[in-house]
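Working notes for the structure below.
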Amino acid sequence: MELVPFDSIYDGKKFESLKKAGHIIDISSLDEYTKALKGAKSAVPDAKYWHGKRVLITGASGMVGSTIADVLIAMGAEVHGTIKRHAVAYHPNLQHNLESGKLKAVEVDLRDYGRVVSIMKTIEPHAIFHQAAESFVPTSIQQPSHVVENNCVSTVNVLEAATKEDKSLEGVQLACSSEQYGFVKSAAEIPIKEESELRPTSTYAVTKVFTDYIARAYFYMYKTPTVITRTFNQEGPRRGPQFFTARIGMQIAACLSGKANRIVMGNPNSVRDFTHIRDSVNAQIIAIEKCNRGEVYNICSGKGISTGDYATLAIRTAGLSGKVPVLIDKSLLRTYERGESLIDGFIGDNSKFVEKTGWRPTMSVVDIIRDGVEYYKGVR
């Protein structure tokens, strides 16, 4: 680690123009922001639509896939989920549904086309949520060939097998990402719309551009009922420990228990558009219910916060202000985060999706912080 003081890196004025335009959350005055979310009326998934539907979730053991499973099972869907084989057959995010028999797990390497075909023929899902991917950006930078093969081949196999073998298919949701937008040249490009130029800055982001375009290609070629959702940062319980909000949540929990006395983070000058996982999952389920096939939709809150402000707010929310220092580990900075010529991060425009579905975010960044810390208090 290469640790330096927070204030030596953090630039509180970097996003001042975005704050004045109303795109950035002002952590010094949260009332207006939180009141708007509490009063929001949002569409929710339609239990009548999903009751009795056969659903396949790839990557079911991850934060998003497992939360989708919870929601669909509660609505009476028959849910199947793909998982990777582990030496020890334990998947903490799914264990409650596996033990109850409410989730039918399928062990598979999605790069094996023959196995994917067999699964499609056996289940004949009405809906597929394709969430399986290697999604941690640093891994894609360190192991680019692995991430390209894993993410791209798996996606082609799912689409090809579903198109050719699944006679019951009504919708396929392809989980894409705000990372596709990549290099943002100036604040004038924010908030980012679906038609914004894609300038990916990592191998992971490029694989999601591929996922996006191959999903549309299958719609154009075969009328495969694909829906592409570009989710911005979706956060909350079950977030993998390598991700930013989880690292902050874990360290806050450790400080509260007396096991740590500082917070260490990477770039504090990146802006992110955070959506609570429960809001995001509801949106992705609704996408299959209501969205046009072959089209792209941003799923996001429409509000940004700098990573430095997020860490500060997390410390304040936990009652640790003035009690623990924040240090920056410069070794955690991505290559492009070391420059000064771009806006680090994204804030999305969700208006296309909101107008199509009636969905709106209902939970705040404070909810994300509290729920994440509570989750990691219980993780051993």
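So how do 210-219, 173-182, 283-292, 297-306 stack up, highest first, on mean other-Cβ count within 10 Å? Intermediate values should be presented prior to the final figure.
Working: 210-219: 20.0, 173-182: 24.0, 283-292: 22.2, 297-306: 26.0.
So the order, starting with the most tightly packed, is 297-306, 173-182, 283-292, 210-219.
Each peptide in 232-245, 122-135 receives the mean, over its residues, of other Cβ atoms within 10 Å, and ordering these scores from highest gives 122-135, 232-245.
Ranked highest first by the average count of other Cβ atoms within 10 Å around their residues, in what order do 323-330, 30-37 fall? Intermediate values should be presented prior to the final figure.
Working: 323-330: 16.8, 30-37: 14.0.
Top to bottom by mean Cβ count within 10 Å: 323-330, 30-37.
In straight-distance terms, cross-link reach from residue 102 covers every one of the lysines whose alpha-carbon lies under 21 Å from its own, apart from those fewer than eight places away in the same chain; here that gives 48, 53, 84, 121. Taking springs between alpha-carbon atoms closer than 10 angstrom, which of 349, 11, 309 fluctuates most in the Gaussian network model of the chain? Highest fluctuation among the options: 11. So which residue, out of 92, 225, 200, gets the largest mean-square fluctuation from a GNM of the chain using Cα contacts under 10 Å as springs? Comparing 92, 225, 200 in the GNM, the peak value goes to 92.
Relative contact order (percent) for the chain, with alpha-carbon contacts under 8 angstrom and 6 or more residues of separation? Before the final figure, lay out each step's value.
On the way: 743 pairs, mean separation 85.6, N = 380.
Relative contact order of the chain: 23 percent.
Evaluate the charge dipole of the chain about its Cα centre and quote only its size in Debye, nearest 20, assuming +1 on the Cβ of each Lys and Arg and -1 on the Cβ of each Asp and Glu. Before the final figure, lay out the partial values.
On the way: 47 positive and 42 negative charges, 113 e Å.
About 540 debye.
Using only Cα positions of the chain, each an equal point scatterer, no hydration layer, compute I(q)/I(0) via Debye at q = 0.08, 0.15 Å⁻¹ and quote the log10 values to two decimals. The Debye formula, applied to the Cα set alone, gives -0.40, -1.45. So which of 38/290; 303/356; 20/352; 185/323 end up more than 29 Å apart, counting from Cα to Cα? Those over the limit are 185/323.
For the range 203-257, treating each Cα as an identical point scatterer without solvent, what Debye log10 I(q)/I(0) comes out at q = 0.29 1/Å? Ignoring solvent entirely, the Cα scatterers give -1.08.
A short reminder: the numbers here are calculations on the coordinates, not readings from a lab. What you see is a predicted model; the values in this text were computed from it and never measured. Because the Cβ atoms are built from the backbone with ideal geometry, glycine has one as well, and the counts that use them run over all protein chains shown.
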